[in-house]
1. Which trypsin sites (Lys or Arg not before Pro) does region 57-150 hold that lie in a coil by DSSP with at most 16 other beta carbons within 10 Å?
2. Could you provide, to the nearest whole Å², the per residue accessible area of the chain with probe 1.4 Å?
3. Please work out which option in (i) 118; (ii) 132; (iii) 107 gives volume of the Cα convex hull per residue in Å³ calculated from these coordinates, and answer with its label.
4. The chain: longest stretch without exposed GluC sites (Glu not before Pro) (DSSP loop, at most 13 other Cβ within 10 Å), sites themselves excluded?
5. If you check each cysteine of the chain for another cysteine whose beta-carbon is under 4.7 Å away, which ones come up empty?
6. Which of A145, W23, T104 sits farthest toward the positive end of the charge dipole of the chain, with +1 on the Cβ of Lys and Arg and -1 on the Cβ of Asp and Glu?
7. So how exposed is V149, as accessible area in Å² (1.4 Å probe, rounded to 10)?
8. At 1.4 Å probe size, what's the solvent-accessible area of I15? Round to the nearest 10 Å².
Amino acid sequence: MAEAVAAATAAAPDIDAFTRPYWEAAAQGDLLLRRCLACAKAHHYPREFCPYCWSEDVGWERASGRATLYTWSVVHRNDLPPFGERVPYVAAVVDLAEGPRMMTEVVDCAEADLRIGMELEVAFREGEAAGYAFPVFRASSAVRADLGVQ
């Protein structure tokens with residue numbers, strides 16, 4: 001995977017030995033978090049130490065993929081490739097069920113249907129280069145059913 005991505009760009013992550021498990025899991029449809037084995041708190045974005053107690057005794061954990069919408073903004077202009085081709089899109093902050101807050105994108109949901117606290121589930125957008133995927137979120141199946149959306 002890292003061999004296909006020479007350097008980080010807006011379209012490609014910077015994959016190294018530490019972040020490789022995260023990106024490999026995402027490519028398989030799993031969202032990983034880091035959990036501190038000293039204080040038991042989960043955190044995201046992945047770091048080699050706990051941002052709460054500074055312990056280096058942290059490990060990877062598969063997240064449930066459930067979240068709630070904390071806030072969002074609809075982006076109508078972005079000149080940085082590949083985002084310009086996607087406008088408008090919903091840049092969002094979500095609260096993961098495990099506790100951490102994560103910056104992401106909400107997909108497949110009309111702007112008018114977005115609500116603070118709405119239930120979301122993880123989905124994955126394939127990367128522009130083969131071999132990796134980005135976690136994004138969409139309305140949960142229950143919310144989609146309430147909205148009459150598949």
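1. Those that pass, being in a loop and sparsely packed, are R77, R86, R115.
2. The answer is 56 Å² per residue.
3. (i)
4. Looking at the chain, 57-150 is the longest stretch - no exposed GluC sites (Glu not before Pro) with at most 13 other Cβ atoms within 10 Å.
5. Within the chain, the cysteines lacking a partner Cβ under 4.7 Å are C109.
6. Of the candidates, A145 comes out farthest on the positive side.
7. In the full protein context, V149 sits at about 70 Å².
8. Per-residue accessible area (I15): approximately 20 Å².
The values are calculated or read from the model by the stated rules, or taken from the named source; none is laboratory data. Quantities reported herein were computed from a predicted structural model and do not represent experimental measurements. Backbone-built Cβ (ideal geometry, glycine too); neighbour counts: all protein chains shown. The protein model used for the area step is the full one, side chains on, heavy atoms only, and it has no ligands, DNA or RNA in it. Shrake-Rupley method; radii C 1.70, N 1.55, O 1.52, S 1.80 Å.
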